[in-house]
Amino acid sequence: MHYLPQGHRAETRATSDLRPGLRSVAVDQASVEAAPAVLVVAAEPSRLSQRYGARANLYADLEVGHATQNMLLQAVTLGLVAVTVGAVDGAPAARKLGLPHGQTVVYLIPVGFAA
Ligand SMILES: Cc1cc2nc3c(=O)[nH]c(=O)nc-3n(C[C@H](O)[C@H](O)[C@H](O)COP(=O)(O)O)c2cc1C
């Protein structure tokens, strides 16, 4: 699913299970395949570079951190558990997901239930 901030909606992008492919570009971490859901946080620094120049990558990473923290807090609010997976190869992960050119995956967030 692809999250659309306008209208707080999600659209279907793929119907196959993408988790095994994501695991393979996240140093084979089992949580990426085992979790019932994996949130993907991607960035497109080139969209920021016109405005922020050399600070674009930094600002993208900072914003990813803000968004990710909110998702982690919401997971706790819902009684779920989640972990941030930063050990992911961003460009190959973006290709596995079929993301548009220029977007890179920064974080994966496996979300599930406490054991
Ligand atoms: C930048 C960053 C990258 C992380 N990458 C991974 C990861 O690839 N795999 C993983 O299991 N946990 C990852 N973590 C999560 C930490 O291992 C740890 O679970 C998390 O910081 C919470 O730790 P605590 O609950 O013990 O305080 C990452 C954390 C941060 C801040």
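The values are calculated or read from the model by the stated rules, or taken from the named source; none is laboratory data. Computed from a prediction, not measured in an experiment: that's the story for all the values here. All Cβ positions, even for glycine, are placed from backbone atoms using ideal geometry, and neighbour counts span all protein chains on display. What goes into the accessible areas is simple: the full protein's heavy atoms, side chains included, and nothing from ligands, DNA or RNA. Shrake-Rupley method; radii C 1.70, N 1.55, O 1.52, S 1.80 Å.
Taking amide hydrogens as placed 1.01 Å from N in the peptide plane, the amide H of A37 sits under 5 Å from those of V111, each at least 5 positions away in sequence or on another chain.
Residue-wise HN-Hα couplings along region 74-86, as the Karplus relation 6.51 cos²θ - 1.76 cosθ + 1.60 with θ = phi - 60° gives them from phi, are 5, 4, 4, 4, 8, x, 9, 10, 8, 9, 7, 10, x Hz; Gly and Pro carry x. Evaluated with a Cβ-only charge set (Lys, Arg +1; Asp, Glu -1), region 47-115 carries a dipole of roughly 220 debye about its Cα centre, given to the nearest 20. Among M71, Y52, P92, which residue has its Cα furthest toward the positive end of the charge dipole of the chain, with +1 on Lys/Arg Cβ and -1 on Asp/Glu Cβ? Result: Y52, furthest along the dipole toward the positive end.
A simple count of charges around P45, restricted to other residues whose Cβ falls under 13 Å of its Cβ and scoring Lys, Arg +1 and Asp, Glu -1, yields 0. Shape summary of the chain, radius of gyration then Dmax from alpha carbon positions: 14.3, 46 Å.
Around the Cα centre of region 18-84, unit charges on the Cβ atoms of Lys, Arg, Asp and Glu (plus for the first two, minus for the last two) sum to a dipole of about 160 debye.
The sum of -39500 (n - 2.57) across all DSSP H runs of n ≥ 4, divided by the residue count of the chain, sets its helix-only mean residue ellipticity at 222 nm to -12000 deg cm²/dmol. Add +1 for every Lys or Arg and -1 for every Asp or Glu among the other residues with Cβ under 10 Å from the Cβ of D89, and state the total. Surrounding charge for D89 is +2.
Hey, can you grab everything whose amide H is under 5 Å from the amide H of V106? Only 5+ residues off in sequence or another chain; H modelled, so Pro and N-termini drop out. Residues meeting the amide H criterion: V41, A42, A43.
Taking a ≥ b ≥ c as the square roots of the Cα gyration tensor eigenvalues, with a/c under 1.5 meaning rounded and otherwise prolate when a/b beats b/c, else oblate, which class fits region 22-90?
Oblate, since a/c reaches 1.5 and b/c is not below a/b.
Just the protein heavy atoms count here, and of the accessible area of region 1-102 at 1.4 Å, carbon and sulfur take up 54 percent. Residues of region 29-57 with an amide N closer than 20 Å to a point placed 7 Å from the Cα of T12 along the Cα-to-Cβ direction: 36-40. For the chain, the per residue solvent-accessible surface stands at 66 Å², with DNA, RNA and ligands left out and a 1.4 Å probe.
Taking the Cα centre of the chain as origin, sum charge times position over the Cβ atoms of Lys and Arg (+1) and Asp and Glu (-1), and report the length of that vector in debye to the nearest 20.
Here the chain has a charge dipole of around 240 debye.
Round to the nearest 0.05 the FRET efficiency obtained for R55 and H101 when R0 = 22 Å and r is the Cβ-Cβ distance. Calculated value: 0.50. Computed 3J(HN,Hα) for region 41-58, one whole-Hz value per residue from the Karplus formula 6.51 cos²θ - 1.76 cosθ + 1.60 where θ = phi - 60°, is 10, 10, 10, 10, x, 4, 5, 8, 5, 4, 8, 10, x, 5, 8, 4, 5, 4, glycine and proline marked x.
Residue-wise HN-Hα couplings along region 20-28, as the Karplus relation 6.51 cos²θ - 1.76 cosθ + 1.60 with θ = phi - 60° gives them from phi, are x, x, 5, 4, 5, 10, 10, 6, 6 Hz; Gly and Pro carry x.
Here the peptides 66-75, 88-97, 50-59 are ranked by packing, the mean other Cβ count within 10 Å, and the order with the highest first is 88-97, 66-75, 50-59.
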